[in-house]
Amino acid sequence: MPSLLRDEILKTSDVIVVKVGTNVLTLKNGLLNEERIAQLTDDLCRMIFRKKRIVLVSSGAVGAGMGRLGLSERPAELSQLQAVAAIGQGKLIETYERFLNRHGIHSAQVLLTADDLSSRKRYLNARNTIRTILNYGALPIINENDTISVDELHTTFGDNDRLASLVANLFETPLLILLTDVDGLFDRDPADPEARLIPVVENWSPDLLKMVAEKRSTRSKGGMSSKLKAAKMITGSGGNVIIANGDHSETLGDLFAAKEVGTVFLTQNNFLTARKRWLGFAVRVEGRLVLDEGAADAVCRKGKSLLPIGIIDADGTFEKGGIVTIIDRNGREIARGLTNYSIKEVLLIKGKKTSEIRKILGITAYTEVVHRDNLQLVD
């Protein structure tokens, strides 16, 4: 039966971002499951015809390449992995295009790296491009640009769950649907016969991560923990998330019909501006600021700016205007922000009163190291 709650989520979401994992899109031998892709595109097109804005984040390039090359295991060497992705990407998008054309819908391939969304300028360009594609009535098909992402340079998203959450965060009130090979979030290891599916998560709790039992796969990178992190990100900034089993051909259609399938994570109603979303979730940090208890409390609970007196340590390579992660003395990340001072200057003024900045640096350019307007809580 349709759920009134889920029906309301579908109606109020300004975009629906559907992420499909490698295990859903490929057969056990690594080849693309074209029958499954055909069903997915049918469901997506039905929603497009209902005037809903749909974005697809699709894994499968490496899996498609493995199938083409007859590989049974995901390559471990970086150059091989990138080559396999390049070989498979063309096959993946060609398959989507073929099935979309049956409905008169065009596909638009968008390849991204983490740096594309870490840069404020490219973040805005990506958002504008995707929105324009939607205005043309086409389906954006987004994937990580595995052919140029390099782990050693920290330009990889790590998995497409994080990519999907970053894409969803380009919009104000998104619904993110993560299709995977499990039915949703269970209260314990799904292999346990006593395990029960959790249909709705109303409030985020760190205990949710304790329920995770990861499955190993030779074809994919993400697991349930990455999906929970994606859910935390989206629900913390104004959106909703559903995790459901994409192995069942009827799942996406059931979700679009507001049926109670999978686990829905409800928004915490913490609406964030686009700039705050970018600052809190998309940027790559360049250093750390470690706070004492008083400063951590002032930042987290009182909405205060970060003053130098509350900083007990700092490291990194940031300059003025750089992105820093802000942590408490126990190593827990509590916020991210744009710093008014370089690492060299912070090390000189940390623990000092604001009135002492001029004596130490020769000027008092800013009273705050990170102003509250340039700071976003992440915990």
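Of everything in region 9-24, what is in contact (Cβ under 8 Å) with a residue 24 or more places away in the chain, farther than 17 Å from Val110 by Cβ and of a type outside the set (Asp, Glu)? Give them in sequence order. Outline the logic, then answer.
First, pick out the residues of region 9-24 that are in contact (Cβ under 8 Å) with a residue 24 or more places away in the chain: 9-10, 12-24.
Filter once more, so that each one left must be farther than 17 Å from Val110 by Cβ: 9-10, 12-14, 21-24.
If the condition is that a residue be in contact (Cβ under 8 Å) with a residue 24 or more places away in the chain, farther than 17 Å from Val110 by Cβ and of a type outside the set (Asp, Glu), then Ile9, Leu10, Thr12, Ser13, Gly21, Thr22, Asn23, Val24 are the ones that fit.
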Fill in the blank from the handout: Expected output for region 294-307 (first residue within 13 Å of Asn330 (Cα to Cα), partner basic (Lys, Arg) and at pLDDT below 95, Cβ below 8 Å, 6+ apart or cross-chain) is Ala296/Arg329
Handout entry: Number of the exception - Asn125 against (1) out of contact with any Phe, Trp or Tyr (no Cβ under 9 Å at 6 or more places or on another chain); (2) in a helix (DSSP H, G or I); (3) of a type outside the set (A, V, I, L, M, F, W, C); (4) farther than 24 Å from Asn169 by Cβ
Key = (4)
Practice task
Taking the residues in region 224-257 that are touching a residue at least 24 places away in the same chain (Cβ under 8 Å) and polar (S, T, N, Q) as candidates, determine which candidate is farthest from Val17 (Cα to Cα).
Solution key: Ser249
Practice task
Output the residues belonging to region 253-262 that are touching a strand residue (DSSP E or B) at 6+ places or on another chain (Cβ under 7 Å) and either surrounded by fewer than 22 Cβ atoms within 10 Å (Cβ to Cβ) or assigned to a helix (DSSP H, G or I) (or both).
Solution key: Leu255, Ala257, Ala258, Lys259
Practice task
Looking at (1) assigned to a helix (DSSP H, G or I); (2) more than 21 Å from Val15 (Cβ to Cβ); (3) small (Gly, Ala, Ser); (4) touching a residue at least 40 places away in the same chain (Cβ under 8 Å), find the lone condition where Gly90 falls short.
Solution key: (4)
Fill in the blank from the handout: Flagged pairs (Cβ under 7 angstrom, 6 or more apart or on separate chains; first in region 163-175, in contact (Cβ under 8 Å) with a residue 60 or more places away in the chain; second of a type in the set (S, T, N, Q) and surrounded by fewer than 24 Cβ atoms within 10 Å (Cβ to Cβ)) are Thr173/Thr12; Thr173/Ser13; Pro174/Ser13; Leu175/Ser13
Completion exercise
Here the residues within region 214-232 that are over 19 Å from Phe281 (Cβ atoms) and either out of contact with any Gly (no Cβ under 9 Å at 6 or more places or on another chain) or modelled with pLDDT of 85 or more (or both) are Gly223, Met224
Exercise for the section: Please work out which residue is surrounded by the most Cβ atoms within 10 Å (Cβ to Cβ), limiting yourself to region 312-366 and to residues that are modelled with pLDDT of 90 or more and among the polar types (S, T, N, Q). Expected result: Thr339
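Picking from Leu56, Leu25, Leu10, which residue would you name as being over 26 Å from Gly238 (Cα atoms) and assigned by TED's automatic domain parsing to the domain that holds Thr267? Don't jump to the end; show me each part of the working.
Details: Leu56 fails: over 26 Å from Gly238 (Cα atoms); Leu10 fails: over 26 Å from Gly238 (Cα atoms).
Of Leu56, Leu25, Leu10, the one residue that is over 26 Å from Gly238 (Cα atoms) and assigned by TED's automatic domain parsing to the domain that holds Thr267 is Leu25.
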Fill in the blank from the handout: Scanning region 299-308 for residues that are at pLDDT 90 or above and touching a helix residue (DSSP H, G or I) at 6+ places or on another chain (Cβ under 7 Å) gives Lys304, Ser305, Leu306, Leu307, Pro308
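The values are calculated or read from the model by the stated rules, or taken from the named source; none is laboratory data. It should be emphasised that the depicted structure is a prediction, and the values quoted were computed from it without experimental measurement. Heads up, the Cβs are rebuilt from the backbone with ideal geometry, glycines too, and the neighbour counts pull from every protein chain shown.
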